[in-house]
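Please read the structure below before turning to the comments.
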Amino acid sequence: MAKAGRSVAVFERAPVIGGAAVSERDVWPGYTLSTASYVCSLLDPWLVEKLDLHAHGLEYYRKDPYAFTPLLDGRSLLLGGDGAANAREISAFDSADVAGLEAYIRRTDRLGKALFDSFSDENPRFERFDADSRSVLLGSAADLVERYVSTPVLQAELVNDGLIGTYRGPRDAGTGYVLAHHLAGRLLGTQGSWAYVRGGMGSVSQALWGAAKSHGAEIYCGVDARVILEGDTACGVHAESREIRARAVISNAHPRTTFLNLLDPSLLDAGFRAEVERWQTVGPSLKVNLALGELPDFTCRPGKNPQPHHRATIHVAPSVEYLQKAYDDARARGESEEPLIECFLQTPTDPTLAPPGKHILSVFAQYFPYDRADGWTDAKREAAADKIVAILARYAPNLPGAIERRQILAPPDLEEKFGLVGGHIFHGELLPGQIYEDRFTTRTPVRGLYLCGSGAHPGGCVSGFPGKRAAHAVLRDLAAA
Ligand SMILES: Cc1cc2nc3c(=O)[nH]c(=O)nc-3n(C[C@H](O)[C@H](O)[C@H](O)COP(=O)(O)OP(=O)(O)OC[C@H]3O[C@@H](n4cnc5c(N)ncnc54)[C@H](O)[C@@H]3O)c2cc1C
């Protein structure tokens, strides 16, 4: 909007910009942590080019190999961009799955592309997909994957993306959409590929900041903002003691925060308010960031020297049944006995993030739901991290001794630190009933108030799409006024 000549001011409650896309420096001396989000795929290439984000410091490292699952019997599965290497890896389990994986990738590339093409839609409609795609997206991640491959560890590695951030199990309806959402990115010209960002995920936010400032936007951190309403129209913000008048107000706070806290909710239509209150936003994800004195030495691929599998996302899940049990346990008993774990080491790719010779392991785990019946305590946070480390140690026995520091963010911590209501990493479930026409719209029932965060289409992940759509809507509305 600044580039289009509008006068723009940004107010961020936290001391640094970025929200969940942040690199925090010196959490421990010499370490830079991607505290929350840690890998990038969905960032809109159009936005990167239009705002010249590479000139503002954005740089990617393709995640290749992309997935590694160690097994307790000494075998493992490592997949990457090299088809011949993948064929060798898969043939060690079942050579029939080599063709199965290729067919799966062709199918998910088509699905991912269709999603990507829908992400800029002004009036998103689920019916834009053909009947076959709709049934896949409304179905379960396990159904989709099992149609193509039969090796349990391969199935689990592929299904995992259908569960990230989602409080559902692999056989639940709608996880097919979550899976396709994670394959919708088009980073570095390849459908579905993921990358590390140099300097951590905060570099995406810093590049956006640099671009905004270069076009004259003003950015204020550490400022809590509230919407000023006159009648039914938003006409500025209270930014602590200041009142800033504006022709449009754009919020990327969680929809519940935006509609229930940043303005007087009694002014909202009762039906809309009920919709906001009903919004499913119970998060199951827990993040543990570990500072390591040495790399994990996996029994199945020995060595503490950096090797290809150290650059991949490391999964703990030998089968879909394992993931299903992780989910069932949480529903029955408050947390997974054996959780879904995916983790990755930033430092073999970007050693500047830690002191020389040291490493960072980001661990993302489920299911540790926000609303567990027995409540969250510090002891439960520590116990969850201990459990995760003990499970990883079955595969890399040197890990517990290598840990020098750890940071634990349970769902209530994600809520408190980042404003993610219910600890939900996507501002609410990305499931049927909360996607496309059923997600919040960019234009809100309050005139002059727009949503530009993950609560709006197309939802969560570091993508820029909700922001781009909001900017276009505002510019169009101002031009028409
Ligand atoms: C643990 C975790 C891991 C994740 N991993 C990945 C990943 O690897 N890759 C990926 O693509 N995505 C990942 N995600 C999801 C992704 O980070 C989010 O979907 C995305 O960053 C959300 O961006 P946003 O702009 O919609 O909102 P947010 O990042 O939630 O930003 C909203 C901002 O509004 C501010 N705010 C709220 N109220 C006020 C107020 N009154 N005044 C001023 N400011 C206010 C908040 O402080 C916050 O900075 C992850 C998220 C989490 C939590």
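Charged neighbours of F129, selected by a Cβ distance under 13 Å, balance to -1 (K, R count +1; D, E count -1). Just to confirm a number: summing +1 for Lys and Arg and -1 for Asp and Glu over residues other than K325 whose beta-carbon lies under 15 angstrom from that of K325, what do you get? Within the 15 Å Cβ shell, the charges total -2. Dipole of the chain computed with +1 at Lys/Arg Cβ and -1 at Asp/Glu Cβ about the Cα centre; of A142, I360, G189, farthest Cα towards the positive end is G189.
Take every DSSP beta bridge whose two residues both sit in the chain; close to 80 percent of them are antiparallel. Amide H to amide H distances under 5 Å link G448 with A234, where only residues 5 or more positions off or on other chains count and H is placed in the peptide plane. Can you give the Rg to Rh ratio of the range 228-271, both from alpha-carbon atoms, with Rh computed by the Kirkwood formula? For the range 228-271, the value is 0.95. The string of couplings for the range 42-50 from the Karplus curve (6.51, -1.76, 1.60, θ = phi - 60°) is 8, 4, 5, x, 4, 5, 4, 6, 4 Hz, one whole number per residue in order, with x for Gly and Pro. Axis angle, to the nearest 10 degrees, between helix 96-118 and the longest C-alpha principal axis of the chain: 10 degrees. Close amide H pairs (under 5 Å, H built 1.01 Å from N) link I228 with C235, G236, V237, H238, residues at least 5 positions away or on another chain. Taken about its Cα centre, the chain carries a charge dipole of roughly 860 debye when the Cβ of each Lys and Arg holds +1 and the Cβ of each Asp and Glu holds -1. Think of the range 427-471 as having a plus end and a minus end, set by charges on the Cβ of Lys, Arg, Asp and Glu; of V462, G448, I435, G448 sits farthest toward the positive end of this dipole. For L340, nonlocal amide neighbours, meaning residues 5 or more places apart or on other chains whose placed amide H falls under 5 Å from its own, are Q366, Y367. Where the centroid of each part is defined by its Cα atoms, how far is the range 10-46 from the range 245-262 in Å? Computed from Cα coordinates, the inter-centre distance equals 21 Å.
Here V8, V149, V159 are placed in order of increasing Cβ neighbour count within 10 Å, fewest first, which gives V8, V149, V159. Protection proxy ranking, highest mean first, for peptides 79-89, 326-336, 166-176: 166-176, 326-336, 79-89, where packing is the per-residue count of other beta-carbon atoms within 10 Å, averaged. Summary of the geometry: the range 316-335 and the range 365-421, compared by the centres of their Cα atoms, lie 16 Å apart. Karplus-based coupling profile of the range 56-70, in residue order and whole Hz: 9, x, 6, 9, 9, 10, 4, 7, 8, x, 9, 9, 9, 10, x, with θ = phi - 60° in 6.51 cos²θ - 1.76 cosθ + 1.60 and x standing for Gly or Pro. With unit charges on the beta carbon (Lys/Arg positive, Asp/Glu negative), name the residue among L414, V39, A96 whose Cα is farthest towards the positive pole of the charge dipole of the chain. Final value for the positive-end residue is V39. The C-alpha atoms of the chain define a longest principal axis, and helix 378-395 lies at about 40 degrees to it. Need the C-alpha centroid separation for the range 161-216 versus the range 440-465, integer Å. First find each Cα centre; the distance between them is then 16 Å. Derived scalar couplings between HN and Hα for the range 454-471 equal 5, x, 9, 4, x, x, x, 4, 7, 10, x, 4, x, x, 4, 5, 5, 4 Hz in order, rounded to whole Hz, by the Karplus curve 6.51 cos²θ - 1.76 cosθ + 1.60 (θ = phi - 60°), x for Gly and Pro. At the listed q of 0.08, 0.10, 0.12 Å⁻¹, the Debye profile of the chain, built from one uniform point per Cα, gives log10 I(q)/I(0) equal to -0.46, -0.73, -1.08.
Coordinate-derived values only; no laboratory data. These numbers come from a predicted model, not from an experiment. Quick reminder, even Gly has a Cβ in these numbers, built from the backbone with ideal geometry, and neighbours come from all protein chains shown.
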